[in-house]
């Protein structure tokens with residue numbers, strides 16, 4: 001679809017008629033079915049519009065006044081806008097969530113039409129998807145051999161070994177990829193080759209959450225951090241056990257994050273809430289049911305603390321401590337650490353400070369290791385501890401430095417010049 005194209009994409013419309021609109025964009029190689037697991041929750045109180053990319057699902061590769069050879073992300077964004085106008089009327093506002101290429105379309109929409117997009121969620125997406133030459137090579141491969149040539153590599157990129165998607169769901173998505181029209185897929189590849197929104201991210205005004213899969217080889221979390229750094233006020237959530245198709249690998253975690261974000265920044269008026277909708281569907285992550293909290297909490301707990309630590313803790317669980325283990329998994333990890341309002345680096349800074357203030361040195365040791373896993377450098381950890389000397393007291397900070405020094409001493413030496421400058425862990429001060 002060329003820039004300025006005003007052709008309706010194939011779309012599916014669910015949810016309460018007249019409720020605030022949420023548009024869901026698919027990843028390259030997938031269709032509206034990508035969102036199947038999340039649809040019941042997202043459509044309880046919102047009107048949800050899903051669309052297919054050119055050559056995918058019900059959208060033909062070549063539509064009126066559009067040539068796949070000149071497809072661009074900006075042109076796709078205009079086509080989505082025309083589709084929304086056709087469904088809701090010209091100028092109607094909407095929230096948007098998209099995966100990968102679908103996310104790029106949403107970022108382009110928010111940058112080009114800021115008055116239209118009320119809230120934005122970019123899932124496993126990027127402001128620039130790698131080198132243009134790689135995408136042109138993929139377009140040429142598909143043009144020669146069809147999309148079935150991509151199924152094997154897509155399986156490794158789309159799904160995490162730690163994901164929750166059942167085998168039949170993965171197989172159905174891969175079968176769908178093999179059924180995508182070669183010219184439509186190739187056109188999307190060329191659109192991605194020419195896509196680079198990094199210089200325009202500052203134009204995005206919609207409240208934004210960026211969701212990254214920790215196991216995503218296609219758009220690793222570094223791509224998400226670029227988006228967060230470029231979009232004012234954006235928040236970041238990294239999802240454990242999720243590869244490139246995060247909504248499939250971890251549907252409960254992604255659904256809760258989307259609902260929590262939308263309910264905060266673009267709430268549904270009370271009159272639009274669907275009758276009988278459960279509280280967690282209206283209140284987002286704060287009131288998820290116990291099974292969902294437990295699953296999400298265990299995923300994040302393992303990602304932050306490491307499998308070995310969690311396995312030891314669970315192995316030591318007794319009848320007396322089982323309820324407590326369940327409580328901390330659901331409450332500390334499933335309620336708080338899964339929230340999108342702070343990234344994990346920031347949560348580690350807050351946690352370290354609180355543990356120093358209360359003198360919980362055993363927990364402090366665990367969370368120094370966790371902070372390293374969350375991306376804090378040794379110098380940044382020491383900077384946090386130095387700050388605690390001012391607000392928590394020198395003796396408390398001295399004890400904390402002694403704990404940190406033991407852990408940081410076991411790290412391999414950093415390359416010369418690597419890492420931000422900052423204090424090193426001192427010897428005990430003798431206070």
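The values are calculated or read from the model by the stated rules, or taken from the named source; none is laboratory data. What you see is a predicted model; the values in this text were computed from it and never measured. Here the Cβ positions follow ideal geometry from the backbone for every residue, glycine too, while neighbour counts run over all protein chains shown.
Numbers at a glance
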| read-out | value |
| --- | --- |
| Residue in region 84-95 that is touching a residue at least 12 places away in the same chain (Cβ under 8 Å), within 20 Å of the chain's Cα centre (by Cα) and buried (at least 24 other Cβ atoms within 10 Å of the Cβ) present | yes |
| Qualifying residue in region 221-228 (condition: over 17 Å from residue 245 (Cα atoms), touching a residue at least 24 places away in the same chain (Cβ under 8 Å) and in contact with a strand residue (DSSP E or B) (Cβ under 6 Å, 6 or more places away or on another chain)) | yes |
| Filter result (part of a loop (DSSP other than H, G, I, E, B) and at pLDDT 85 or above) within region 269-317 | 306, 316, 317 |
| Residue within region 358-374 that is touching a residue at least 12 places away in the same chain (Cβ under 8 Å), surrounded by 17 or more Cβ atoms within 10 Å (Cβ to Cβ) and out of contact with any helix residue (DSSP H, G or I) (no Cβ under 7 Å at 6 or more places or on another chain) present | yes |
| Pair list, Cβ under 8 Å, 6 or more apart: region 105-116 residue surrounded by 24 or more Cβ atoms within 10 Å (Cβ to Cβ), other residue at pLDDT below 95 and in a loop (DSSP other than H, G, I, E, B) | none |
| Residue list for region 378-392, filter: in a helix (DSSP H, G or I) and closer than 13 Å to residue 354 by Cα | 384, 385, 387, 388, 389, 391 |
| Where a residue in region 314-340 is surrounded by fewer than 17 Cβ atoms within 10 Å (Cβ to Cβ) and its partner, wherever it lies, is assigned to a loop (DSSP other than H, G, I, E, B), with Cβ under 7 Å and at least six apart | 325/317 |
| Residue match in region 198-220 (condition: assigned to a helix (DSSP H, G or I) and buried (at least 24 other Cβ atoms within 10 Å of the Cβ)) | no |
| Residue ID - nearest to the chain's Cα centre (by Cα), chosen from residues in region 30-49 that are under 12 Å from residue 12 (Cβ atoms) and assigned to a loop (DSSP other than H, G, I, E, B) | 36 |
| Flag if residue 119 is in contact with a helix residue (DSSP H, G or I) (Cβ under 7 Å, 6 or more places away or on another chain) and in a strand (DSSP E or B) | yes |
| Given (1) in a helix (DSSP H, G or I); (2) closer than 26 Å to residue 235 by Cβ, index of the condition residue 395 fails | (2) |
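Residues are listed down the side, and each one gets a yes or a no for (1) over 25 Å from the mean Cα position of the chain (by Cα); (2) under 20 Å from residue 237 (Cβ atoms):
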position	(1), (2)
109	no, no
113	no, no
124	no, yes
128	no, no
143	yes, no
